[in-house]
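So the structure is just underneath, and the comments pick up after that.
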Amino acid sequence: MKKLLVSLMAVFAIANISVAQEAAIKWNPLYLGLGSVNLGIEFSVAPKWTLAFEGNAVIFNPWKNGDNSIYANGWTGTFEARWYTCEAFNGHHLGLYGTVGRFGEAHSKMDLFNTIAFGGHGMNGATNVKAAMLGLSYGYYLKLNHGWGLDFYVGGGILYAMYNTPGTTELTKSGIKPALSRLGVVLSYKF
């Protein structure tokens, strides 16, 4: 019975996405400053609701500069459900998102960045990081013309991570910590 229920839910979700009235390809250029490339897609599934998927890969990091460094290498994937106050891809929106990621190394000696992005766990550095985040977001989608738009958003929630500290193989668990985990000025093309 559970398999049937899960199968029906999956078919319903795929059917909703396949008949979506609109879809947008999205790119967040702010991530380039952290040495990351990303690409996302957002589908309308109802007049005021969308589902979005985004992937990021950290290829290099220009901020690795000694004591004041911010550094991470790895990937993240985010799923978000959004509710727009007017219509999909227009105006204010609220979202619920989940993010998972894995990093070979992550650290920051900048107190503010360490607190808001790494949940306070990047000060001494970490290796073999596995992280999960759950949070709420707020944003505004600005239509530039029929196809192009800008999506501004910020999101925060809770972070849970498992990692090793440098020089050890002992696994450290972060516990649940507050974190600012979404920030974007996203260029979007709707088709």
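Structure data summary
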| quantity | calculated |
| --- | --- |
| In the stretch 171-191, the residues that are open to solvent by less than 70 Å² (accessible area, probe 1.4 Å) and without any contact (Cβ under 8 Å) to a residue 40 or more places away in the chain | 175 |
| Residue check for residue 131: modelled with pLDDT of 80 or more, open to solvent by less than 70 Å² (accessible area, probe 1.4 Å) and within 19 Å of the chain's Cα centre (by Cα) | yes |
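The values are calculated or read from the model by the stated rules, or taken from the named source; none is laboratory data. Here the structure is a predicted model, which is why all the values come from computation and not from measurement. Note: ideal-geometry Cβ built from the backbone for every residue, glycine included; neighbour counts use all protein chains shown. Quick note on the areas: whole protein, heavy atoms, side chains included, nothing else; ligands and nucleic acids left out. Shrake-Rupley method; radii C 1.70, N 1.55, O 1.52, S 1.80 Å.
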